[in-house]
Structure formats: structure tokens, C-alpha cells
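A short worksheet on the structure shown next.
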Amino acid sequence: MIPTGSQPSQAQAGSLAGVGPATGSQPSQAQAGSLAGVGPASATRITPGNALRPEDIALEVQRGDVKPSENVGEYALRLGDDALILAQRLGHWISRAPELEEDVALGNIALDQLGHARSFLTYAGAAWGKTEDELAYFRREPEFRSAHLFEQPNGDFAVTIVRQFIVSYYQFELYRRLTDSSDATLAAIAAKAVKEVDYHRDHSAQWVLRLALGTDESRGRLLAGLRLLWPYVGELFEDDALTARLGDAAVAPSSLRADFDRLTDEVLVEAEIDVPHVPSALGGGRRGQHSEHMGYILAEMQVLAREYPGASW
Amino acid sequence: MAQNLQAVGDVAPSQQQSQLDADAGQAYFDHVMAEDSRIEPRDWMPDAYRRTLVRQISQHAHSEIIGMQPEANWISRAPSLKRKAILMAKVQDEAGHGLYLYSAAETLGTSRDEMMGQLVAGKARYSSIFNYPTVTWADMGAIGWMVDGAAICNQVPLCRASFGPYGRAMVRVCKEESFHQRQGFEILLELANGTPAQKQMAQDAVDRWYAPSLMMFGPPDDDSPNSKQSMAWNIKRFSNDELRSRFVGMMAEQVKVLGLSLPDPEVRFNEDTKKWEHGPLDWEEFKEVLAGRGPCNAQRMERRRQAHDDGAWVREAATAYAAKMAAKNEVAA
């Protein structure tokens, strides 16, 4: 048994998936049914609690209550693709983690990310009349908008933890500010996501400390992971024409950098580590230019859906 | 227990005293069995009872852990994002079940490390069903509906097992398993009402998982040497064949809703015995798989070993860090 960080949001992850123990306040059956957009014919009673789910967004879109502009859609695509590609990477750890607690924890984080991806992609799709699944399974590589960090291979556990460390501190600052977005749907998705990502920060920071101060081997592996992935940090904070056009609806990526640096540095100081001085990678993910890894991720993710186009699952 | 308290004194208990304690313990144990009440970890229990439980609970835990693999095989390829989320949550639940069960077994004095060591050394068994491959998406449906369905038939009576921690762990496990079974049924229902190719995929999966899931209940009653003792100890409540018959009855009714069929023309309800019956099962195949010669035994064990070995440095780091922090706190205090 190893001492690990507090478990991330099990209840939220569970309710997102529509499985797992029912927790928190339970709306009436009728309310649950109408929220989920499903009738009593479903074999599964939906107990969504108060969380915003992708199905709720899809329903609002169907009713015509919300309709993002193409600019907002494009922005939501970026955030959704980041989360989707990371979930795809993290899902690989389930049944392969160093300890059962980490099978559960990394699985939870993957599930949270997938939930965020589903919400952002459902909303993004509304700009072009597409569903979350059409976007995830039937776009080509250059149409994906994720930054390069998210598609980097899992590597060993230290590499995965470094990627989580960077991502969770970045996403926390981003979602925290996005809750003030002038776009109500983006703000609502961010409000749910930020609570979950806060746990992801805790998980990654605790592991950074354990690996840095544990054994010589773990420290060496962590330092190697930091050198490997720090070049991908810069891309996360690049402003471009889209973020400028969106104004109050989005968050200017560059505005997150100072807090990201300060907060990650606090952890790294405690871990007795200097921020690696490494040149930035080229990036280009926001423009659809990806690394060699992306094609394999998509091939695996999309293979079955593309074998049966138009099928329902 | 008063007898145990008396044994704690300045003088080490004599052999005679130990014998008295054992006699009193046995009497208490027999009383609990007769009352159909519960044994808790600190109670006296016969060595054989303890050994049987450690074996059964750890095998059950190992099955959950190895059982993650066949379904994890489809997480990356799940055909919709919602199905991907559900599947991730399900496989994650199985890790959680493994955790509760290892914890229940630890109350009997065997550590998780030791049990995990036995598993990766190939010295422990797990349910042979997980040595079959998941070759199509429909297998996610068939596993949920049939394999988890069989597990529920087996495990609901275990909620009343005489050993408290095991019974209580099973209550939670069973709640989650029932979600798992329903999601499996839903996958098959969707496929069965989909394109002809999807329906064929569903039927093929049901055909392949039917016999292995029936064999999950263990050998026929006349070839199940341990069952009688387990029933006397109120661990097992119903015989293998009794549970299998109930399961067949459930499947026979539910498969009609799916619009699919079971690959067994001999399934019928016997009006005389009031029991469901099924055709012959290939118990030679069962023994082969159990002996390690199934389609995926080597692959499943290799994956578990690799995860265990690859994670060794992480566990060492966490242990070293905990020791350093404890030392630091001691100095500070």
C-alpha cells in the first residue's frame, strides 16, 4: 500500500458516465428523465445530481436555446480536443498502473477529461450542426486543434505525471477565468471542470514531490520527464487571431502564464527542482499541425466508428 | 471475548491455556454458525476457515484485477464518447472491487503485497473466464450481460457470507455489478436493433461467451469437493448447479428482449423439478483453461507482471518519501 494523494472526483466522474453509485441530491425521476432527454424506456435510471452534462448541452442545442458562433465553436474545439486527446492517452493506464490506487486515480482523471471533452465538443458541434461523436470520430488529423503536449506519449509513470502536472495547472487557471466568460455555456462547462481539475492538480503535485524526493531513480526519471515535456509548455500560452477576436468570451492564453509559472514553481521549489531551461517546441496544434504521434491516436480511436459509418451504439 | 482477555497477563499463556482458548473459540464459532450470524476479524476461527476465506477472497480480488484487461482492451476504440466514458468507469470500478476485496482479505492476516506476489508468481488462481479474448465491441456487451450477470448470481448470496468484511464488501460490489450488467445489456440491445452487421456481431458474442459464463459457477456439484464445507461454514449458500440453473433461466428470458438466441437448443424449464436445464458443457476445456492453457492465460499474466514490475520504482519512491516525511515530522515534534 503506498500513500497517494486524495482521490479525484469519483462521484462526479461516476455520474458523468451514468454509472457508479448515486451520490448527492437526487432529482425526481421525471426531472432526471427530462434532463437526460430519455424516457422511462431506458434500463438505466439516470441520477445526474446537479452537474452539467453533455446531454444537457445537446438538449439546449436541439431546442435552439444556445447556438455558438463559428469563432466560439472553433475555440470550444481547441479545449475539447485537448481534453479528448489527453483522455485517450490516460485511458491506456487503466490496468497498467504502478498500484491499484493509481489505476483508479488515473482512470478518474481520464474520465473527468473525457467529460469535459464531451461538453466542449457537443457545444462546438452546434456551430456546424455536428454531434460530439461526428467531431471525435470523423474529423481528419489536420482538423484537430489540440496542442502538442496532449498527444505526447505516456512514457513511464514520471512522464505521465509531468504531463499531468503541466496540464492540470494550465487547465485550472484557464477554467477558473473561463467561468467569467461572456458565453454562458463556456462559463458553465468551465465551472464544472475547474472543480475536477483542482483535484488533478493535487494528484500531480503530490506525485511530483514523491518522485522528486523519493529515490535517486525516481528523481532521475522525473527530471528526465520534465526535460522531455517542458518544451511543450510554451504553445499552451500563445495568443492568436482567434483568441483576440473572441474578447470576453475566451481567455487570452498569455494571461495565464504568470500564475502558471508562480504556482508550478512553488511545487518545484518544494521538490528541490529548477524549472528546466529548454527551447520551446514548434507547436502548431491550434492550426491543425500535429506531431507524428497524432495519426496513431486517431487511427485507434476512430477505427470502429469508421467501420460502421452512421451506426448507432 | 472474555476467554481471550484472560489469556493476556504477565505470564505467557501455557499450552493448556491455549487449548482452553481454542475450545472456547470453537464453541463460540460453532454458535455463530448455528445462529447464522457473523464472524469478525478479531474473533477466533478455525485455521481451515481462515485459509479457505483468504484463498476465496484473494482469488475473487485477482479476478477483478485480471478482469480489467479484456475490457480495457476496448477503451481506446469505444465507438462513441459516451460508451468510452461508461467503459472507463466500469473498468475503474473493477479496480475498486479488487481494492475492497484485498482489504477484506487483509483483515485475515495476509497482506495485499503477499497476495499480489502470489498472483504475479502464477501461484494464485483467478476466474478462468478472463482468459478468453475480447475480439469485437459486442464482447463488451456480452461480458456485461452474461459474465457480470453470472457474477451477480454468484455474489448476491455472498453478501450474507459468515465472514463480516467479505459480506460487506460484496454488498457494494453487487450494487456496482448490477449497473455493469445493465450497461452490457444496453450495448447488446443497441447492436441487436442496429444494422444487420451489428446484430450479427452481437449474436456472435453471445454465442462465444455463453458456455464460458455458465462454467463460471464452477464444476458440477458431484465434482466440487470444497462446496460442502463452504456451505457448512455459511460462506456458500447455494450449490454450483443450483446457481447455474437460475442464471440460465435469467438468460433465457432476457435474450428474448434482445431478439437474439442462446447457442444451446437444450435450454428448457423442467416442470417436474421446477428448474432450468441446459445442454452439456465442455468441462475438459474448463480444466484446460484453469490449468493455464486457455487462449489468453499467458497474455493476461504477462500484462499483470509487467505492470507490477514497471511500477516497482514508483512504489519504492512513495515508500521512501513517506519514510522521509515521517522522520522529518518526528524531528519537528
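The values are calculated or read from the model by the stated rules, or taken from the named source; none is laboratory data. Predicted model, so just to flag it, every value in this text is computed and none were measured. Reconstructed Cβ throughout: ideal geometry from the backbone, glycine too, with neighbour counts over all protein chains shown.
Pairs are defined by a Cβ separation below 8 Å, a sequence spacing of at least 6 or placement on different chains, a first member in region A:246-270 that is under 18 Å from A:Ala124 (Cβ atoms), and a second member that is part of a helix (DSSP H, G or I) and of a type in the set (S, T, N, Q); the pairs so defined are A:Leu246/A:Asn71; A:Ala249/A:Asn71; A:Ala250/A:Thr243; A:Val251/A:Thr243; A:Pro253/A:Thr243.
Quick grid of which residues meet (1) within 12 Å of the chain's Cα centre (by Cα); (2) crowded, with 23+ Cβ neighbours inside 10 Å; (3) within 27 Å of A:Gly310 (Cα to Cα):
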position	(1), (2), (3)
B:Gly144	no, yes, yes
B:Ile152	yes, no, no
B:Ala169	yes, yes, no
B:Arg172	no, no, no
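Selection of first residues in region A:50-76 that are more than 14 Å from chain B (Cβ to nearest Cβ) and under 23 Å from A:Asp248 (Cβ atoms) and of second residues that are among the acidic types (Asp, Glu) and part of a helix (DSSP H, G or I), restricted to Cβ pairs under 8 Å at least 6 apart or on distinct chains, gives the following pairs, ordered by first then second residue: A:Val66/A:Glu60. How many residues does region A:76-99 hold that are crowded, with 24+ Cβ neighbours inside 10 Å and over 15 Å from the mean Cα position of the chain (by Cα)? Residues in region A:76-99 being crowded, with 24+ Cβ neighbours inside 10 Å and over 15 Å from the mean Cα position of the chain (by Cα): 3 in total. Selection of region A:280-308 for residues being in a helix (DSSP H, G or I), farther than 18 Å from A:Ala87 by Cα and within 9 Å of chain B (Cβ to nearest Cβ) yields only A:Glu307. Can you find a residue in region B:27-41 that is at pLDDT 95 or above and touching a strand residue (DSSP E or B) at 6+ places or on another chain (Cβ under 6 Å)? The answer is yes; a qualifying residue exists.
Return yes or no: is A:Gly247 more than 14 Å from chain B (Cβ to nearest Cβ) and surrounded by fewer than 18 Cβ atoms within 10 Å (Cβ to Cβ)? Lay out the reasoning, then the answer.
Numbers: more than 14 Å from chain B (Cβ to nearest Cβ): yes; surrounded by fewer than 18 Cβ atoms within 10 Å (Cβ to Cβ): yes.
Yes.
Residues that are within 15 Å of B:Glu106 (Cβ to Cβ) and under 20 Å from the mean Cα position of the chain (by Cα) within region B:37-50 comprise just one, B:Arg50. Within region B:179-203, residues that are over 15 Å from B:Thr136 (Cα atoms) have Cβ atoms under 6 Å from residues that are of a type in the set (D, E, K, R) and surrounded by 19 or more Cβ atoms within 10 Å (Cβ to Cβ) in these pairs: B:His180/B:Lys90; B:His180/B:Asp148; B:Gln181/B:Asp148, counting only partners at least 6 apart in sequence or on another chain. When we screen A:Leu79, A:Leu100 for residues that are under 30 Å from A:Ala158 (Cα atoms), modelled with pLDDT of 95 or more and within 9 Å of another protein chain (Cβ to nearest Cβ), the only hit is A:Leu100.
Looking at region B:258-276, which of its residues are touching a Phe, Trp or Tyr at 6+ places or on another chain (Cβ under 8 Å) and within 22 Å of B:Gln198 (Cα to Cα)?
Here is the first cut: in region B:258-276, the ones touching a Phe, Trp or Tyr at 6+ places or on another chain (Cβ under 8 Å) are B:258, B:262-264, B:267-270, B:275-276.
Within region B:258-276, B:Leu258, B:Leu262, B:Pro263, B:Asp264 qualify.
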